[in-house]
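The values are calculated or read from the model by the stated rules, or taken from the named source; none is laboratory data. Note that this is a predicted model, so its numbers are computed, not measured. Virtual Cβ from ideal backbone geometry, glycine too; neighbours counted across all protein chains shown. These area figures cover heavy atoms from the full protein model, side chains too; ligands, DNA and RNA do not enter into them. Shrake-Rupley method; radii C 1.70, N 1.55, O 1.52, S 1.80 Å.
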Amino acid sequence: MADVSTGASEQREPARPLPAADAPFDAIGLSRMLLRSIRSGALATLDPEGTPFASLVTIATDQDGTPLMLLSRLSAHTRNLLADPRCSLLFSQGGKGDPLAHPRLTVVGSAVQTAEPRARERFLARHPKAKLYADFPDFGFFALNPKAGHLNGGFAKAATLSREELLLDLTGAEAIVAGERGAVEHMNADHADALALYAAAAGAEAGLPWRLTGLDPEGMDLIAGERTARVVYPERVTDMGGLRKSLVAMAAQARGSVGTAEA
């Protein structure tokens with residue numbers, strides 16, 4: 001009789017997450033959506049003894065998706081980062097029911113303090129109340145330079161991501177980078193109705209005072225109080241003319257959808 005002392009279950013290797021490019025779902029799109037739409041998350045740092053230390057922080061993103069944080073040097077996590085910049089951030093969507101049924105993303109990398117004006121602008125646009133303490137002498141802005149990401153999109157949906165898959169390549173879109181702030185101010189001042197249409201078309205709650213906080217070649221970020229919405233363009237834009245054309249088309253399509261639904 002053959003030796004059957006080792007069962008098939010004992011020989012099976014542990015399941016491993018697939019690379020994002022091989023995953024049977026849009027792992028890159030979902031990961032970038034989580035990066036752009038989650039406003040707070042768990043920051044894990046290493047204390048002086050090498051023990052993992054987790055804390056809650058507020059988060060924004062740079063135009064390429066680099067996570068941004070406003071941290072106080074009086075906090076343990078900031079002291080940890082200044083001594084050892086290695087860290088990870090957990091972006092968790094949350095929602096009703098089982099917490100593990102909702103998507104979440106862990107980004108691993110190194111966090112360094114930044115004096116880049118755009119980091120300040122984008123963070124405070126995302127967290128307006130932080131203007132009250134952003135200029136306190138013990139506070140500073142930090143950028144997490146991603147090394148890799150681990151996505152769990154819900155049960156049986158896991159994938160690993162490289163830095164290049166997490167972040168948006170801004171090559172060729174310098175005009176969008178330079179024109180962002182003016183476009184944001186213009187849209188908020190003159191086109192609140194269009195912002196509401198974009199939010200509703202993206203599945204966000206209608207009837208809220210949505211405001212634009214930032215835009216990039218792939219999409220735009222909206223807030224209404226504590227709520228957020230990520231709106232993705234039909235296709236990548238690289239200049240302000242292309243951006244205007246895309247926004248006009250999106251507004252027209254959204255108005256058409258509303259009219260059809262009301263008919």
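The figures follow:
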{"quantity": "Scan of segment 116-149 for residues that are within 22 Å of Thr228 (Cβ to Cβ), in contact with a Leu (Cβ under 7 Å, 6 or more places away or on another chain) and in contact (Cβ under 8 Å) with a residue 40 or more places away in the chain, ordered by number", "calculated": "Ala119, Arg122, Phe123, Ala130, Ala134, Phe141, Phe142, Ala143, Leu144, Pro146, Gly149"}
{"quantity": "Complete set of residues in segment 92-139 that are over 20 Å from the mean Cα position of the chain (by Cα) and either part of a strand (DSSP E or B) or buried (at least 19 other Cβ atoms within 10 Å of the Cβ) (or both)", "calculated": "Phe139"}
{"quantity": "Filter result (of a type outside the set (Gly, Ala, Ser), assigned to a loop (DSSP other than H, G, I, E, B) and closer than 16 Å to Met250 by Cα) within segment 176-209", "calculated": "His191"}
{"quantity": "Every pair of residues 6+ apart whose Cβ atoms lie under 8 Å, when the first sits in segment 233-258 and is more than 20 Å from Gly214 (Cβ to Cβ) while the second is open to solvent by less than 60 Å² (accessible area, probe 1.4 Å) and not in a helix (DSSP H, G or I)", "calculated": "none"}
{"quantity": "Search result, residues across segment 48-78 that are in a loop (DSSP other than H, G, I, E, B) and more than 19 Å from Asp138 (Cβ to Cβ)", "calculated": "Pro48, Glu49, Gly50, Thr51, Ile59, Asp62, Gln63, Asp64, Gly65, Thr66"}
